[in-house]
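Reading through the structure tokens given below for one structure.
The values are calculated or read from the model by the stated rules, or taken from the named source; none is laboratory data. This one's a predicted model, so the numbers in the text were calculated from it and none came from an experiment. Cβ sites come from the backbone with ideal geometry, for glycine too, and all protein chains shown count toward neighbours. With ligands, DNA and RNA removed, areas are computed over all heavy atoms of the protein, side chains included. Shrake-Rupley method; radii C 1.70, N 1.55, O 1.52, S 1.80 Å.
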Amino acid sequence: MGRRLRAVYDWFDERTAIRSLLRKGLYEAVPVRGAWFYTLGSATLVLILLQLITGIFLTLLFVPSVTEAWQSLNYLKEHDAFGSIVRGIHLWSAYILLFVIGLHMVRTFFSGSYKRPRELIWVTGVGIFVLVLGMAISGAFLPWDQAAYWTAVVVTNIPAYTPFIGSFIRALWRGADTVGPITLSRTFGIHVWLLPAIRFPLIGAHLALLRKHGEFGSYVNYRGAYRSREGVDVPPAPAQRPIEPPYPAAPSDELWAAPLQTEDFYPHQTFKDGVISAALVVVVFVLAVVIGAPLEAIADPATTNYTPVPEWFFLPLDELLVLVPQQLIPLVLVLPTGGVLLLLALPFIDRGPERNPFERPAVMVPGAFAVLFVVILTLLGSGRLFNL
Amino acid sequence: MAHRDPRRLSRRQFGVLGTQVSGAVVAVLLGIPIVGFLLSPLFRQQQAVWRKVGDISGVPDGEPTKFEVAFPQDAWTTAENNLAVYVVKNGDNTKVFSNVCTHMQCPVRWDGSLHQFLCPCHGGLYDINGANVGGPPPKPLPQYVNRIEGTTLFVENRFTEEI
């Protein structure tokens, strides 16, 4: 660093303590083992930031009005090749984000990383997951083409089956009894302001708590050698079965320990994070250019030949709508709500010190069944809609 | 320490109370208009309008026939909302069905080969009288309030029964 540059840096450091902040941020010790799995978290963050950036630029053109939303996006499609790529990146990074955040969650579930004292990292993560789903659903309303319009009709109609206050909730979202101008204005506001305004502070809390407790939540970090609180290295056991380490509880806890094999966050973990994130961004870019974001014909409430097909991430719920008989329609609300509540409760249900997934059948088996249920619903739904 | 009347607020308690009251004032003054703003569309009465559907002299008996009718959209939008209705004539008796499915409000269509109304979303079925006869729909197809002048059919933007 040049002398003048260093002087500027010193000037800022004196006023902001930026040097120690950077040092703390970049040179934190992170575990070597499992590091590639941990790239899922940073990839989730990168994809969310991609959403934020492309979303900001899309608002420079998009008009949230029933008479002009479709026209503004059609203009983009017809007359603005770069704008179409921006919209393509927005759509495809959303699709891939749903996959990656799902994998991130499965990884955390599998490795038992949500255990004391990391319960709130998991809880904020579930919150972010639900908000990402909310962003995907509200975003699907906005183009106001046939797909968007009928998605808006069906999705806003589902809460109408809430006992007692159902039609009130539906009207609150729609701003009227039927889907119309206020529905689009409200959903646009929810999509660009309300949900992000909740999501970004939650992401901040998620990361701050992660840094507080260290990136040592996983089972894999403690198979073998670890370092006890007193700084004593405990070697791996010679026996077949790896020694059961004193899993890290609260840092103040007697059982606290850190994995022996650690390295600096920068550049070792950032290298892995960068490789995975860049690869995903390349995939998003290629899909955005080659396939792009579709725009069907403009919304036509009077259609009698259009078959509404839901977004792929909505397929499990759509299949439930087909399977659940008329007397039990509220089940379509109860199952996803119950699922989210169970996810939030997970760290408070599975409280034992055991993190090995094979020693935790009480959560692994129901978890596997839940995933299987969603996968089967998705397959049934795709089979029905695409005649597979 | 000087004697203090326990019934009187200390300086500290006064500070706590004042902070809480200030927060409550801001919350109430912001909350009332915001909640009212959110709810106000729900309490607006829908304007009742009659609209011409068309000449129904050519509609065959016992064969649901699709017409389109434009109703005003809610709120400020001047463009009207085109909706589909199915006119079913049975001698002197004319029914005007909405094509909005009672399950998830998808666009129902008449399938001549099935001789039933079919919902494309989740497989709901209705017979020619609008009765829900298969799939998940919990109620029959709604019917518009209508009147006939000569051979011209008019409908009002409300249903014969609440849905």
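Helix B:11-39 and the long axis of chain B differ in direction by around 10°, with both axes built from C-alpha atoms. Using the Karplus relation 6.51 cos²θ - 1.76 cosθ + 1.60 with θ = phi - 60°, the per-residue 3J(HN,Hα) values for the stretch A:71-88 come to 4, 5, 6, 5, 4, 4, 5, 7, 10, 9, 5, 5, x, 5, 5, 4, 5, x Hz, with x marking Gly and Pro. The relative contact order of the stretch B:50-159 comes to 25 percent, based on Cα pairs under 8 Å that sit 6 or more residues apart.
Taking other residues whose beta carbon is less than 13 angstrom from the beta carbon of A:LEU22, and scoring Lys, Arg as +1 and Asp, Glu as -1, yields 0. The convex hull drawn around the Cα atoms of the stretch B:1-113, when projected onto a plane and averaged over every direction, covers 14.5 nm².
Counting only residues at least eight positions apart within a chain, or on another chain, the lysines with an alpha carbon under 22 Å from that of A:LYS115 are A:LYS212. Applying 1/(1 + (r/R0)^6) with R0 = 45 Å to the Cβ-Cβ distance of A:ALA368 and A:ASN74 gives a FRET efficiency near 0.50.
Taking a sphere under 9 Å around the Cβ of A:ALA147 and counting the other residues whose Cβ falls inside, with K and R at +1 and D and E at -1, yields a net charge of -3. Suppose the chain between A:TYR95 and A:THR67 were pulled fully straight at 0.36 nm per residue; how much longer would it get relative to their current alpha carbon spacing? So the chain would gain 7.4 nm between A:TYR95 and A:THR67. Among residues other than A:PRO31 with Cβ under 10 Å from its Cβ, the summed charge is -1 (Lys and Arg +1, Asp and Glu -1).
In the calculated pair-distance distribution of the stretch B:50-159, the portion above 21 angstrom amounts to 35 percent of the Cα-Cα pairs. For the set B:GLU156, B:GLU80, A:GLU263, B:GLU161, the ranking by accessible area, highest first and with no ligand, DNA or RNA atoms included, is B:GLU161, B:GLU80, A:GLU263, B:GLU156 under a 1.4 Å probe. For B:GLY54, the residues whose amide H sits under 5 Å from its own are B:LEU153, ignoring neighbours fewer than 5 places away on the same chain, with H placed 1.01 Å from N.
Mean separation of Cα pairs under 8 Å and 6 or more residues apart, divided by the residue count, gives chain A a relative contact order of 26 percent.
Here the stretch B:27-78 exposes an accessible surface that is 63 percent carbon and sulfur, computed with a 1.4 Å probe and the other protein chains kept in place. Placing +1 on the Cβ of every Lys and Arg and -1 on the Cβ of every Asp and Glu, with no other charges, gives the protein assembly as shown a dipole of roughly 2300 debye about its Cα centre. Karplus-derived 3J(HN,Hα) values for the stretch A:91-102, using 6.51 cos²θ - 1.76 cosθ + 1.60 with θ = phi - 60°, are 5, 6, 5, 5, 4, 6, 4, 4, 5, 5, 5, x Hz; glycine and proline are entered as x. Annotation: lysines with alpha-carbon distance below 27 angstrom to B:LYS89 (same-chain offsets under eight excluded): B:LYS52, B:LYS66, B:LYS139. Computed from backbone phi, the HN-Hα couplings of the stretch B:146-157 come to 9, 8, 10, 10, x, 10, 9, 9, 10, 10, 9, 7 Hz, rounded to whole numbers (Karplus: 6.51 cos²θ - 1.76 cosθ + 1.60, θ = phi - 60°; Gly and Pro given as x). Straight Cα distances below 14 angstrom link A:LYS272 to the aspartates and glutamates A:GLU263, A:ASP264, with same-chain residues fewer than 8 positions distant left out.
With helices as the sole contributors, the protein assembly as shown gives -16000 deg cm²/dmol at 222 nm; each DSSP H run of n ≥ 4 counts as -39500 (n - 2.57), and the sum is divided by every residue. Two numbers describe the Cα atoms of the stretch A:308-388: Rg and Dmax, which are 15.6, 48 Å. Take each residue in A:143-150, count the other chain C-beta atoms within 10 Å of its C-beta, and the mean is 1.
The eigenvalues of the Cα gyration tensor, multiplied by 5 and square-rooted, give the protein assembly as shown an equivalent ellipsoid with semi-axes of 53, 29, 26 Å from largest to smallest. B:LYS139 contributes an accessible area of around 100 Å² to the protein surface, as traced by a 1.4 Å probe with all chains present. Packing-based ranking of A:37-43, B:42-48 yields A:37-43, B:42-48, ordered from highest to lowest mean Cβ neighbour count within 10 Å. Largest first, the residues A:ASP13, A:ASP318 sort by 1.4 Å accessible area into A:ASP13, A:ASP318.
Note on the stretch B:82-158 and the stretch A:40-73: Cα centroid distance 38 Å, given to the nearest whole angstrom.
The simple spin-label model puts a point 7 Å past each Cα toward its Cβ; for B:ALA24 and A:LEU172 those points are separated by 2.4 nm. Scanning residues 5 or more positions from B:LEU83 or on other chains, those with amide H under 5 Å from its amide H are B:VAL69, B:ALA70, B:PHE71, with H placed 1.01 Å from N in the peptide plane.
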